[in-house]
Amino acid sequence: MRRPLVAGNWKMNKTAAQAVALVNELMPGLKGISDVERVVCPPFTSLPSVHDLLKNTEIGLGAQNMHFKASGAYTGEVSPEMVKEFCQYVILGHSERRQYFAETDATVNEKVKAALAMGLTPIVCVGETEKEYDAGETKAVVTRQILAGFAGIAAADAEKIVVAYEPIWAIGTGKAATAEGANAVLKDSIRPAMSQLWGEAAAQSIRILYGGSVSAANAAEYFKQPDIDGALVGGASLKPADFVTIVTAAKK
Ligand code: 13P
């Protein structure tokens, strides 16, 4: 049984003061929902104060990125241990990081290994561009991202990984993938690639989220799909009522 998970990726939004206000608005609505893991991922600068707020709640905290090295001369970077001080989760390999900050499958691989070694749950993003989608390359792209991004990771560790399938053309565009279309990518491309790495049992036990224009209005459609285990939510995670609706919809 894969436990549903809904994570809010706030991206580069909210000051620390604004983040505290948003979490205060979210907390009452997220309180009563059992059986759904829910996570907020604010910017680094808000992690300490949001961490204090979330103590003794069932709401998890995640970072949006981290470096794979333990420490050293990497100006501007944040280490796995620094993330672990406040967070249980870390988003890795988001398409915006791949597109604007030169992340590759190889750096994602290093980061996933570092996150697992630190006891963090990595939420690892994969997904094709619009051009690749139009060219029918979705399967090839996500298969490459899974095989290279998770190379050298043992099956026992793999079960702690969460994958998020985020077709790039659906991110922030309002052009969400159809629920059936997204499910087909999970079932026919992502789980088979994981099965190739770790065997079928592991591939079936790993949670896969859908991300890309998930809203309060369309979330339930995704959660009805057998292979979709939750959502990675961008824009709608900044609206408390919408995020609560999405988390509630994920309950099996
Ligand atoms: P939107 O929900 O704003 O499309 O963003 C999706 C996303 O990139 C989450 O990581």
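Computed from the coordinates by the stated procedures, all read-outs in this text should not be read as laboratory data. Keep in mind it's a predicted model, so treat the numbers as computed, not measured. Methodologically, a virtual Cβ is constructed for each residue, glycine included, from the backbone with ideal geometry; neighbour enumeration extends over all protein chains shown.
Some observations on this one:
- A simple rule links phi to the HN-Hα coupling: the Karplus curve 6.51 cos²θ - 1.76 cosθ + 1.60 with θ = phi - 60°, which for region 207-224 gives 7, 10, 9, 9, x, x, 6, 6, 9, 4, 7, 9, 4, 4, 4, 5, 6, 6 Hz, with x for Gly and Pro.
- Between SER71 and ALA241, the contour length at 0.36 nm per residue exceeds the alpha carbon distance by 57.3 nm.
- Label zone at THR15 (point 7 Å along Cα-to-Cβ), backbone N below 18 Å, region 28-50: 42-50
- Residue-wise HN-Hα coupling along region 84-95, computed from phi with Karplus coefficients 6.51, -1.76, 1.60 (Hz; x: Gly, Pro): 5, 4, 10, 10, 9, 10, 8, 6, 10, x, 4, 4
- Across the alpha-carbon set of region 97-219, the Rg to Rh ratio works out to 0.95, Rh being the Kirkwood radius.
- DSSP-loop chymotrypsin sites (Phe, Trp or Tyr not before Pro) across region 7-114, with at most 13 other Cβ within 10 angstrom: TYR74, PHE101
- Under the convention that each Lys and Arg Cβ holds +1 and each Asp and Glu Cβ holds -1, the size of the dipole of the chain around its Cα centre is about 360 debye.
- Inter-label distance, MET27 to ALA201: 4.2 nm, where each label sits 7 Å from its Cα along the C-beta direction.
- Modelled label reach - GLU130, point 7 Å along Cα→Cβ, region 175-201 residues with backbone N closer than 13 Å: 175-176
- Calculated FRET efficiency for the pair GLU180/LYS252, C-beta based, R₀ 22 Å, to 0.05: 0.70
- Other-chain or far-sequence residues with amide H under 5 Å of VAL214's (modelled H): GLY234
- Remark on GLY230: its backbone amide H falls under 5 Å from those of LEU5, TYR210, a criterion applied only to residues 5 or more positions apart or on other chains, H modelled at 1.01 Å from N.
- Amide hydrogen proximity for ALA164: with H placed 1.01 Å from N in the peptide plane, the residues at 5 or more positions away or on another chain lying under 5 Å are VAL124, CYS125, VAL126, LEU209.
- Per-residue 3J(HN,Hα) values for region 99-110, derived from phi via the Karplus relation 6.51 cos²θ - 1.76 cosθ + 1.60 with θ = phi - 60°, read 6, 9, 10, 6, 6, 10, 4, 5, 6, 4, 4, 4 Hz in sequence order (x marks Gly and Pro).
- Separation between Cα centres of region 78-120 and region 182-252, rounded to whole Å: 20
- Net charge of Cβ neighbours under 11 Å - reference SER71; Lys, Arg +1; Asp, Glu -1: -1
- Ellipticity at 222 nm from helices only: DSSP H runs of n ≥ 4 in the chain, each -39500 (n - 2.57), divided by the residue count, give -11000 deg cm²/dmol.
- Comparing THR143, THR121, THR178 in a Gaussian network model of the chain (Cα springs below 10 Å), the most mobile by mean-square fluctuation is THR178.
- Separation of region 50-65 from region 123-158 is 28 Å, based on Cα centroids.
- Computed over the alpha-carbon pairs of the chain, the distance histogram in 10 Å steps reads 8, 34, 39, 18, 2 percent, short to long.
- Loop GluC sites (Glu not before Pro), region 115-178, which have at most 16 other Cβ atoms in a 10 Å radius of their Cβ (DSSP): GLU137, GLU159
- Along the axis of the charge dipole computed for the chain (Cβ charges of +1 for Lys and Arg, -1 for Asp and Glu, origin at the Cα centre), the listed residues GLN88, ALA115, MET194 are led at the positive end by GLN88.
- Counting only Cα atoms, the size of region 24-152 along its three principal axes is 46, 38, 26 Å, in decreasing order.
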